[in-house]
Amino acid sequence: MRILAIERDIDGAAAEGFTPELLAAEARRAWELHQAGIVRELYFRADNPAAVLVLECADLDEAGGALASLPLVEAGLIQFDVIPLQAYPGFARLFSGDES
């Protein structure tokens, strides 16, 4: 199952909590999840400094567990909006003979 995860800061999280050591640990864990095939794509939004991940997981619980293992989540600095995705079904209309 493909899952979109969009980072959100936690209200009241102190900017000084984002230490170089914690950010390095975050990158390391993201790399581990990528190598495990859980994080398929990882981006930063162009309009604000928030991560956007595409995950491949069996279900939302697995995705939640993977995201919870990120050091910035563990430290209570960020959280994620988690959105399950499905394949776009509209292409079937091109081949069904129904033009609506």
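What follows is calculated from the coordinates using simple rules that are stated; it is not laboratory data. Keep in mind that what you see is a predicted model, and the values were worked out from it rather than measured. Cβ sites come from the backbone with ideal geometry, for glycine too, and all protein chains shown count toward neighbours.
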Debye intensity ratio in log₁₀ form over the Cα atoms of the chain, taken at each q of 0.10, 0.14 Å⁻¹: -0.34, -0.58
Assigned charges on the beta-carbon of Lys, Arg, Asp, Glu; region 22-84 dipole about Cα centre (debye): 240
Helical mean residue ellipticity (222 nm; -39500 (n - 2.57) per DSSP H run of 4+; nearest 500) of the chain: -8500 deg cm²/dmol
Two-site label geometry, Leu85 and His34: point separation in nm, points 7 Å out along Cα→Cβ: 1.7
Residue-span extension gain [Ala75 to Thr19] - 0.36 nm each, minus C-alpha spacing: 19.1 nm
